[in-house]
Amino acid sequence: MASATSDLKQLHHLLVQLEEIEDRIRRGPRRVAASTKRAEEKEAELEEKKEALTQLRKTGDAKSLQMKTNEAKIVELKVKLNTVTTNREFDIVKGQIQADEMANSVLEDEILEVYEKIDAAEQGIKDHEQVCQAARADEKKVADEVAAAEEGLKSQADALRKQIAEAETCIPEGIRDKYDRLIAAHGAGALTMVEDSVCTACYVTLEPQLYVEVKAGKFVFCKHCGRLAYLSGAEG
């Protein structure tokens, strides 16, 4: 029984190491998925920018068509102006010409503004295409890093599992089933270190007799949280 403390401490250390390695293995696909999501979001933004550019071009085309229509109407009105026979008709046609010319002046400014927006949108798309390329390059980089690390991590995990299996031979048969249930439920947290008579898993002070047994190197479980307890190396 005297070896329980050192055996459990070593076993706990191995279990913690395995959890860290397994967590790194699990994080790999999550990293790839996150980088893929970022790239897809950037590409979705690019499509939105392209759609906005399409709408700007349609707006510009519509205004240009309206301006050409007005110009043709002005030409017709000017021809008509030469054929009117009364001052009233002359004033009416003249007013229509002036209104259409004013409308075209406004349209000309609006078209210029739209084309400026189109130029800015086109440049924005070019810039964002580079952002998308960088995002896909980052995705590939992350995927390559994860793939390169995965084999080594899995080898480390396999080696640790073998070491854990050997270290678990210290667990008495009488408590092995309970230990296995704790491992299934809590992983490395199935074991807990005791410092100054306090369980570091639940922070409850052990009963005096239980603390004596832990100090004696016996296999005991914390009565509050149920973890398999061992003494801190700082305590004798």
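Taken together, the values in this text are just the output of simple stated rules run on the coordinates, not laboratory data. Only a predicted model underlies this, so the values are computations on that prediction, with no experimental measurement involved. Note that we place each Cβ from the backbone using ideal geometry, even for glycine, and neighbour counts take in every protein chain shown.
Below is a table of values for the structure above.
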| item | result |
| --- | --- |
| Positive-end extreme of charge dipole, the range 43-168 - chosen from Ile111, Ser155, Gln66 (charges on Cβ) | Gln66 |
| Pairs of alpha carbons in the chain whose separation is greater than 24 Å (percent) | 69 |
| Residue-averaged [θ]222 nm for the chain, counting only DSSP H segments that reach four residues, each worth -39500 (n - 2.57) | -28500 deg cm²/dmol |
| Long-range tail of P(r) for the range 88-209 (Cα pairs > 23 Å, %) | 72 |
| Residues Ala216 and Ile25, FRET efficiency given R0 of 45 Å [Cβ-Cβ distance, rounded to 0.05] | 0.70 |
| Potential lengthening between Glu145 and Gln133 on full extension [0.36 nm per residue; Cα-Cα distance subtracted] | 2.5 nm |
| Proxy reagent accessibility, fewest Cβ within 10 Å first, across Phe221, Phe90 | Phe90, Phe221 |
| Expected-Rg normalisation [2.2 N^0.38 Å, Cα atoms] applied to the range 171-236 | 1.03 |
| Inter-part distance where the range 99-114 and the range 163-228 are each reduced to a Cα centre, Å | 84 |
